[in-house]
Amino acid sequence: MKYIREKKIYCGDYLEVDIIPRARTEIVEKGKRHKKTKLSPPKQKNLNDKNARRYFIQLANTNFGKGDLQVHPTYSDEELPETIEDAEREVRNYLRRVDYKRKKEGLDPLKYLLVTEYQTEGEGEKPIRIHHHIMMNAGLDRDTVEALWSRRKKKGQKHRKSIGFVNADRLQPDEYGLEAISRYLMKNPKGKKRWSSSKNLDRPEMRQNDHKYSKRQVEKLAKYPEGRSYWEKQYPGYWLTEATPEYNDLTGWSIYLKMRKKE
């Protein structure tokens, strides 16, 4: 026998709600207020994995917003790393320089989400076209962030040596927050991607309730959808962005909501 679980995931100004069937053995005690808990990250950080992609978007919406930066560093031909490990070492050094500059300016420590993208060729699968995508918190101006994609001056040199081209731009969330840019960073079926993040990111929070919806009620809502006002009444303080019903032959109907906080 199954019951319906409401799982609310708080991502900064955004709320995701999973209304999903669950086995009776997992039920939370009725009348007991379920506390908010930190959402656990997926076991693998593979952006081909559906859960990893969703968690990446949730992290982005929890930690970044309007005015923060998206940075896209690439390599010149002469500076192209031999291996992915070399590229990741290079970008980590860059992020350390950014963090050091922030500290000198009296700013909060650097927070970031990093995606390293590459393709391979040849028998040894030599990596080619390596580049990075980074979301980072605001504070430094774009020119400074771009200029730090370089190596320190050597004796006799007047300027730091550029590693390649880099572009920094302001993040512009829409009604889905940063989902669009996040999905863009994940896109590219021909390439491979790795992602990582700073350890100081806030994790999305989750709260569960096993007694708000019945199985019959969810089936009715899925087959005969209510308007926006119904869901906004269920979740005061939020605007509805999207309500998606899904059917599974084994478990039945589920509903997934995406909402944004009212200003």
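Considering only LYS193, LYS35, LYS101, give the residue with the highest GNM mean-square fluctuation for the chain, with springs between Cα atoms whenever their separation is below 10 Å. Comparing LYS193, LYS35, LYS101 in a Gaussian network model of the chain, the most mobile one is LYS35.
Comparing ALA138, ILE163, HIS211 along the charge dipole axis of the chain, the residue lying farthest to the positive side is HIS211, per the Cβ-charge model. Rounded, prolate or oblate for the chain? Axes are the square roots of the Cα gyration tensor eigenvalues, ordered a ≥ b ≥ c, and the cut-off for rounded is a/c under 1.5. Because a/c hits 1.5 or more and a/b exceeds b/c, the chain counts as prolate.
What does the C-alpha gyration tensor say about the overall shape of segment 53-121? Classify as rounded when a/c is under 1.5, otherwise prolate if a/b is larger than b/c, or oblate. Mind dumping the intermediate values first?
Working: a/c = 2.52, a/b = 1.31, b/c = 1.92.
Since a/c reaches 1.5 but b/c is at least a/b, the shape of segment 53-121 is classed as oblate.
Full extension of the segment from ARG160 to ARG129, taken as 0.36 nm per residue of separation minus the current Cα-Cα distance, would add 8.8 nm. Surface composition of the chain: carbon plus sulfur atoms hold 46% of the accessible area, using a 1.4 angstrom probe and ignoring ligands, DNA and RNA.
Which FRET efficiency value, to the nearest 0.05, is calculated for GLU79 and ALA180 with the Förster distance at 30 angstrom and r the Cβ-Cβ distance?
Numbers: r = 30 Å, r/R0 = 1.02.
Efficiency computed from Cβ-Cβ geometry: 0.50.
Extension gain for LYS215-THR144 works out to 20.1 nm (0.36 nm per residue, less the C-alpha to C-alpha distance). Pairs exceeding 30 Å between alpha-carbon atoms, taken from LYS50/LYS101; LYS35/LYS104; LYS223/LYS258; LYS2/LYS111; LYS36/LYS104; LYS111/LYS233: LYS50/LYS101; LYS35/LYS104; LYS2/LYS111; LYS36/LYS104; LYS111/LYS233. Most tightly packed first, judged by the mean number of other beta-carbon atoms within 10 Å of their residues, the peptides 135-148, 2-15 read 2-15, 135-148. Taking the helices alone, the chain has a mean residue ellipticity at 222 nm of -7500 deg cm²/dmol, built from -39,500 (n - 2.57) per DSSP H run of at least 4 residues and averaged over all its residues.
The values are calculated or read from the model by the stated rules, or taken from the named source; none is laboratory data. Just so we're clear, the structure is a prediction, and the values are computed from it rather than from any experiment. Cβ coordinates were reconstructed from backbone atoms using ideal geometry, including for glycine residues, and neighbour counts include every protein chain displayed. Quick note on the areas: whole protein, heavy atoms, side chains included, nothing else; ligands and nucleic acids left out. Shrake-Rupley method; radii C 1.70, N 1.55, O 1.52, S 1.80 Å.
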